[in-house]
Each structure stands twice: as structure tokens, then as C-alpha cells.
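Some notes on the structure that comes next.
The values are calculated or read from the model by the stated rules, or taken from the named source; none is laboratory data. Values in this document were obtained by computation on a predicted structure and should not be read as measured data. FYI the Cβ positions are ideal-geometry reconstructions off the backbone, even for glycines, and counts take in every protein chain you see. Note: areas computed on protein heavy atoms with side chains; ligands, DNA, RNA excluded. Shrake-Rupley method; radii C 1.70, N 1.55, O 1.52, S 1.80 Å.
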Amino acid sequence: TAVMDWKSAASVGEGAGLGGMLRYTVSQAVASRGMAPWGTALVNVAGCALLGGLTAMSPLPPQQKLLLTTGFCGGFTTFSSYSTEAIGLYEAGKVGTAAAYVTVKNPVSYTHLTLPTKRIV
């Protein structure tokens, strides 16, 4: 049986809270400029770049790694919001926008994830 490591869980929770607040702030700022749902795409691309950079860095202490990767990057990026927005665009009859959103977001996010580590997906 796994034993709950509360210090690690607290690090993840703290990072996720901060990442989620920043995701909301960025998404709202982009939406206020009439560019919804591109805020989520921006956040996911930036999060991939950050996660790739953190992965490429010299080893971080375990608590710091959990706070920044699983916590912050996990709270900051969101596939569920991205998917919901893409389906919403499609259902609203904005098929071209939905297609562009999905077509652009995926390869750009994967590229930003792998650039810092120079891995090719």
C-alpha cells in the first residue's frame, strides 16, 4: 500500500493553485480582446515550453520539481478546456475556426515541449 506523502501533495497543490490562477488570468485577458478561445492555446503552448525547459534543467530538488512540473504546469495547462473549446466552436458552426484551433495548437505545443530538450517527437 502506498503511503501518502503530504509534503509532496502540498507542493503539488500549491503549484496547481498558482498555475490555475495564472491560466485563468491569461485566458480572460485574451478573451477580453475578442480572441477567445486562443488564451487556452497560448497557455498550453507556454506551459509546454516551461515544462520542456524544466525537464531539460539540471535535476531539481524533489519538492521543487513537484511544485513546478506536476503542480504549476499541471494547473496552468489544460487539455480538458482546450477540448471543450474546440468542440464548442464546432457545435457553434465555426468549423473552420475549430479546425484551425486544433491544427495549430497541437504541433505548436509539441514543438515547444521538445525544443528545450532538443528531442524530436
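Descriptive notes on the structure:
- Test for Phe79: is it under 17 Å from Leu113 (Cα atoms) and without any contact (Cβ under 8 Å) to a residue 40 or more places away in the chain: yes
- Condition broken by Pro59, with the remaining ones in (1) open to solvent by 50 Å² or more (accessible area, probe 1.4 Å); (2) in a helix (DSSP H, G or I); (3) of a type outside the set (Asp, Glu); (4) over 16 Å from Met21 (Cα atoms) satisfied: (2)
- Every residue from the stretch 30-74 that is within 15 Å of the chain's Cα centre (by Cα), among the hydroxyl-bearing types (Ser, Thr, Tyr) and over 13 Å from Leu113 (Cβ atoms): Thr40, Thr70
- Answer residue from the stretch 28-47, given it is open to solvent by less than 30 Å² (accessible area, probe 1.4 Å) and either within 13 Å of Gly75 (Cα to Cα) or out of contact with any Lys or Arg (no Cβ under 9 Å at 6 or more places or on another chain) (or both) and is modelled with the lowest pLDDT among those: Pro37
- Hits in the stretch 62-78 - residues which are open to solvent by 20 Å² or more (accessible area, probe 1.4 Å) and within 30 Å of Gly88 (Cα to Cα): Thr69, Thr70, Phe72, Gly74, Thr77
Per-residue answers, yes or no, for (1) touching a Ser or Thr at 6+ places or on another chain (Cβ under 7 Å); (2) part of a helix (DSSP H, G or I):
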| position | (1), (2) |
| --- | --- |
| Arg33 | no, no |
| Gly39 | yes, yes |
| Val45 | yes, yes |
| Leu51 | yes, yes |
| Thr55 | yes, yes |
| Thr84 | no, yes |
| Thr111 | no, yes |
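- Scanning the stretch 1-24 for residues that are open to solvent by 80 Å² or more (accessible area, probe 1.4 Å) and either under 21 Å from Leu50 (Cβ atoms) or assigned to a helix (DSSP H, G or I) (or both) yields a count of 6.
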